[in-house]
1. Is there any pair linking a residue in segment 42-66 that is under 16 Å from Met6 (Cα atoms) and open to solvent by 50 Å² or more (accessible area, probe 1.4 Å) to one that is among the aliphatic types (A, V, I, L, M) and part of a loop (DSSP other than H, G, I, E, B), with Cβ under 9 Å and at least six apart or on different chains, and which?
2. Determine if segment 181-198 includes at least one residue that is exposed (fewer than 15 other Cβ atoms within 10 Å of the Cβ), in contact with a Phe, Trp or Tyr (Cβ under 9 Å, 6 or more places away or on another chain) and not basic (Lys, Arg).
3. Can you find even one residue in segment 201-219 that is surrounded by 20 or more Cβ atoms within 10 Å (Cβ to Cβ) and more than 23 Å from the chain's Cα centre (by Cα)?
4. Report whether or not Glu108 is closer than 28 Å to Glu266 by Cβ and open to solvent by less than 70 Å² (accessible area, probe 1.4 Å).
5. Mind counting the residues in segment 240-279 that are more than 19 Å from Phe193 (Cβ to Cβ) and not in a loop (DSSP other than H, G, I, E, B)?
6. Provide a single number: the residues in segment 236-279 that are without any contact (Cβ under 8 Å) to a residue 24 or more places away in the chain and open to solvent by less than 60 Å² (accessible area, probe 1.4 Å).
7. Being hydrophobic (A, V, I, L, M, F, W, C) and crowded, with 22+ Cβ neighbours inside 10 Å is the filter here, so list the residues in segment 134-151 that pass it.
Amino acid sequence: MDVENMKAFVKVAELRSISAAAIDLNHLQSNMTAKIKKIETHYNQVLFNRNTKGVTLTESGQELYDQFKKILLLWEETEMKMGKRKEQLRIGTMISLGGAMFSDALEELYKSYPDLSVTFKTGSTEYLEEQVVLGHLDIAYTIGTLHNKKVQYQKAGLDEMVIIGKDINSNTNFYDYISGKDLITLSNQCLYFSKLDQIYTDHTIQQGKIIEVGDFETLVQFSTIGMGIAIVSKHVANRFNVKHYLEVPSPYKHIDLYLISRLNHEFSPLEDRLIKTIF
């Protein structure tokens, strides 16, 4: 069985789409279809259920997928050790987390793999889940979850939220401070913002107008000069050297951090090492 055919089978299984797998592997769709048919002929079994939305593994297909994954992981590890395969990571994270959480882990990996190639993207939870499903990223860290059936989620920790704005000190009362203030956010669909909105609703607090901005630097600047308040992670507050902020009261202060990947994706040795180094 050819390794390239095994890779094609695994990619189709993980993306649940022959066309998406063809794009990801830079194949013609007809060639990808031929590879899958060749494998099914070889084993004389139907390995995929076809429908208008794509494909799903049959019971036999799942068994073969599990076996192919073991073979490919061993093959990739062997190729890397023998210097025949380009070491590659394709990872993503929320804009609010940024690259800081990866820097130490990547530094350690570069010591062992000086030719390591890293694809790194930042964006919203929705964007990162889409990139994972499409096969443009293999793993990503997101805040919260959209419960996508094509994504597998693994809780990786908690992100702590704070309120930033002008004239905050140790005596500032949280609920008095946020009352009537304009709210500065990257988007009113932001999961952080939804937490703040929930606080206003639960405590019947009046809120001001919503001001959407394009990036965290602007958000922090506008907040600290008094244009309004913003809810951000402590990572963001510390990154921009915000010295005074308000702790968000329980039970609102934490939001789950997830490690996501495609359904059925098994972590490569490089991904495993990265994940273990981060946490």
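The values are calculated or read from the model by the stated rules, or taken from the named source; none is laboratory data. None of the values given here were measured: they were computed from a predicted structure. Note: ideal-geometry Cβ built from the backbone for every residue, glycine included; neighbour counts use all protein chains shown. To get the accessible areas, we keep the full protein, side chains included, count just its heavy atoms, and leave off ligands, DNA and RNA. Shrake-Rupley method; radii C 1.70, N 1.55, O 1.52, S 1.80 Å.
1. From segment 42-66, the pairs are His42/Met1; Gln62/Leu47.
2. Scanning segment 181-198, I find at least one residue that is exposed (fewer than 15 other Cβ atoms within 10 Å of the Cβ), in contact with a Phe, Trp or Tyr (Cβ under 9 Å, 6 or more places away or on another chain) and not basic (Lys, Arg), so the answer is yes.
3. No, segment 201-219 contains no residue that is surrounded by 20 or more Cβ atoms within 10 Å (Cβ to Cβ) and more than 23 Å from the chain's Cα centre (by Cα).
4. No: the conditions fail for Glu108.
5. Of the residues in that region, 14 qualify.
6. 1
7. If the condition is that a residue be hydrophobic (A, V, I, L, M, F, W, C) and crowded, with 22+ Cβ neighbours inside 10 Å, then Leu137, Ile139, Ala140, Ile143 are the ones that fit.
A quick yes/no check of all residues on (1) touching a Pro at 6+ places or on another chain (Cβ under 6 Å); (2) assigned to a helix (DSSP H, G or I); (3) of a type outside the set (S, T, N, Q); (4) closer than 22 Å to Lys253 by Cα:
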| residue | (1), (2), (3), (4) |
| --- | --- |
| Glu130 | no, yes, yes, no |
| Ala140 | no, no, yes, no |
| Asn148 | no, no, no, no |
| Asp167 | no, no, yes, yes |
| Ser170 | no, no, no, yes |
